[in-house]
Amino acid sequence: MGIFHFGRIVGGGDEEVLKYFQEHGLVRCGAHCQPCGRAMSQIKKKGSTTGYMLRCPSCRCKESMSKDSFFDGSHLTLAKTLALMYFWAVETSVVQTTSHVGVSSATVVQWYQYFCDICSWKLQCMPASLGRPGKDRPDRRICDGEGQVPPRTSAT
Ligand SMILES: [Zn+2]
């Protein structure tokens, strides 16, 4: 994501930001009401993390859009969270990000740590191939629980 793409999403308001998170599977797109089984409607909700909430058209019970997501209980809007993601990804300093996003440095440090932790977790879960299968060497996988990353040699 470049600055123009980022600008278009944030410039589109809560709806565009939420859509971005939903398209990337970070926030759910909807839910069915537990008591009555009907599909819940997405309605605006000022002051919530996502700017929206889910409401059952029958029994009117309500649920947070961000329920069961990483952002459940966050005090930041998704737009600010996306801004933190963007500035983290482009390696902006904590001081600059604090100024750009308008949150405390402690908040920036905390979210930067979350993003690092998520990337580390993802890398540990994802099998990675070393070398070209059938070319340089057999397809070796790391993080599959079967062994270690092969030691570096003068050839690698
Ligand atoms: Zn209901």
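Once region 99-111 is narrowed to residues that are under 17 Å from Phe6 (Cβ atoms) and assigned to a helix (DSSP H, G or I), the residue that is nearest to the chain's Cα centre (by Cα) is Trp111.
Please go through region 50-63 and give me each residue that is within 17 Å of the chain's Cα centre (by Cα) and either within 16 Å of the ligand (Cβ to nearest atom) or surrounded by 20 or more Cβ atoms within 10 Å (Cβ to Cβ) (or both), ordered by number. Break it down stepwise before answering.
We begin by selecting, within region 50-63, every residue within 17 Å of the chain's Cα centre (by Cα); these are 50-51.
Answer for region 50-63, where residues must be within 17 Å of the chain's Cα centre (by Cα) and either within 16 Å of the ligand (Cβ to nearest atom) or surrounded by 20 or more Cβ atoms within 10 Å (Cβ to Cβ) (or both): just Thr50.
Mind checking which helices (runs of 4 or more DSSP H) fall wholly inside region 1-98 and carry at least 3 residues that are farther than 20 Å from Gln113 by Cα?
Values: elements: 3-11, 13-23, 78-89.
Per the criteria, 3-11, 13-23.
Does Gly47 satisfy the criteria of being more than 10 Å from the ligand (Cβ to nearest atom) and under 17 Å from the mean Cα position of the chain (by Cα)? Before the answer, list the steps.
Working: more than 10 Å from the ligand (Cβ to nearest atom): yes; under 17 Å from the mean Cα position of the chain (by Cα): no.
So Gly47 fails the test.
For region 101-120, filtered to residues that are of a type in the set (Val, Ile, Thr) and modelled with pLDDT of 95 or more, the residue that is surrounded by the fewest Cβ atoms within 10 Å (Cβ to Cβ) is Val109.
How many residues does region 24-44 hold that are more than 16 Å from the ligand (Cβ to nearest atom), out of contact with any helix residue (DSSP H, G or I) (no Cβ under 6 Å at 6 or more places or on another chain) and more than 15 Å from Leu82 (Cβ to Cβ)?
Here is the first cut: in region 24-44, the ones more than 16 Å from the ligand (Cβ to nearest atom) are 24-29, 44.
Next cut, out of contact with any helix residue (DSSP H, G or I) (no Cβ under 6 Å at 6 or more places or on another chain) only: 24-26, 28, 44.
Going one step further and asking which of them are more than 15 Å from Leu82 (Cβ to Cβ), we end up with 28, 44.
Result for region 24-44: 2.
The values are calculated or read from the model by the stated rules, or taken from the named source; none is laboratory data. The structure displayed is predicted, hence computed values, not measured ones. Neighbour counts run over all protein chains shown; Cβ positions are idealised from the backbone, glycine included.
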